[in-house]
There are 2 protein chains.
Amino acid sequence: MPYIPLEEHLPGITGLLEYRKDSAQPIRELTQILLRGQSTFTEGERELIATVVSSGNNCTFCTTAHTAAADLLIGNTETAKKVKEDINTAPVSGKMKALLTIASMVRESGKSVTPEAIQKAKDEGATDVEIHDTVLIAALFCLYNRYVDGLATALPDDSGYFNVLANRLVRHGYTRLPQGYDHLKKEKI
Amino acid sequence: MPYIPLEEHLPGITGLLEYRKDSAQPIRELTQILLRGQSTFTEGERELIATVVSSGNNCTFCTTAHTAAADLLIGNTETAKKVKEDINTAPVSGKMKALLTIASMVRESGKSVTPEAIQKAKDEGATDVEIHDTVLIAALFCLYNRYVDGLATALPDDSGYFNVLANRLVRHGYTRLPQGYDHLKKEKI
């Protein structure tokens, strides 16, 4: 039972983004820029950063949603699963291992990020912008996870919900649906 | 020494907001809406939420900046100081004590917020929107603190810097300075 009155058919973050639309807008825009904007990362790699942070924060809604998005974008269900279990043995590049490790440090605290972890990422070929974006995406999901769980938002009743949501995040991104997509709103996500 | 190349004369968050201006814009807008937009909170009360979260996260730049802003807005240096020391004995209303306690819980984890803490805030007269905004402001400063410290940004050399910054935050808010304010840019904040 959420701590504030949210629309029952809008679980997790979706009800919060409808609750206060003016603050929702820059949150959506920031996410779109970081997760779908121009980048040397693939969209799947950026969803893995969101997934590893949300998983570490035990945020069920965000972890399930971004795992489903990562699975769709990467084309398998193994990569996100293994990244959540153990970054070091997951089937991702050395650069992504180093960056996902930095994301996990950011999740704990900004002060947990060590010069050695940064050097490792640079040695593996990470650029300054990639390091910047990793830290900011991790910090953004620390916001999301706290927003979603700090107000005790609900999980969807239907486990198929996350597949529909992931499809939307992959096809339409994080900004509001444009006009003409009202049929998607009826999917209640 | 920051982990990525930032302009030396721009310490803390200010160098990061210049480093990637496209992602900076929605971060600025979200902060302006939450900390300076229409609200039943005073601006000083909202700066106290930012201060208590930043202090709990040991983020020196953010704590010093928002303490200075709270001091200016509230008109004394005691309130923010005491809130950082002990919310329960600080000279703020029962409602603000309950909400600052929720902010501290959000800082730890979204899952740390208890139904009892929410009920206490409601009993003290907090509205649903005030509870929502407290959680989101606390979550936003969990983002800021991680962004600032996760990239090892520098502190200013001059301790007077934070007074200039606080004056700007009180007079002009969190969005970019409008045209015609170039003289303030020369203050290098």
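Throughout, read-outs are computed from the coordinates displayed, never taken from laboratory work. On a predicted model such as this, the values are computed, not experimentally measured, just so you know. Neighbour counts are summed over all protein chains in view; Cβ atoms, including those assigned to glycine, are modelled from backbone coordinates with ideal geometry.
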Please tell me if A:Leu136 is within 14 Å of another protein chain (Cβ to nearest Cβ) and outside any helix (DSSP H, G or I).
-> no
Those residues of segment B:86-107 which are at the interface with another protein chain (Cβ under 10 Å from one of its Cβ atoms) and touching a residue at least 40 places away in the same chain (Cβ under 8 Å) amount to B:Ala103, B:Val106, B:Arg107
Among (1) within 14 Å of another protein chain (Cβ to nearest Cβ); (2) touching a helix residue (DSSP H, G or I) at 6+ places or on another chain (Cβ under 6 Å); (3) not basic (Lys, Arg), the one test that A:Gln119 misses | (2)
Restricting the search to segment B:18-34, which residues are within 20 Å of B:Tyr161 (Cβ to Cβ) and within 11 Å of another protein chain (Cβ to nearest Cβ)?
-> B:Tyr19, B:Ala24, B:Arg28, B:Thr31
Restricting attention to segment A:115-126, does a residue exist that is surrounded by fewer than 21 Cβ atoms within 10 Å (Cβ to Cβ), part of a helix (DSSP H, G or I), touching a residue at least 60 places away in the same chain (Cβ under 8 Å) and not charged (D, E, K, R)?
-> no
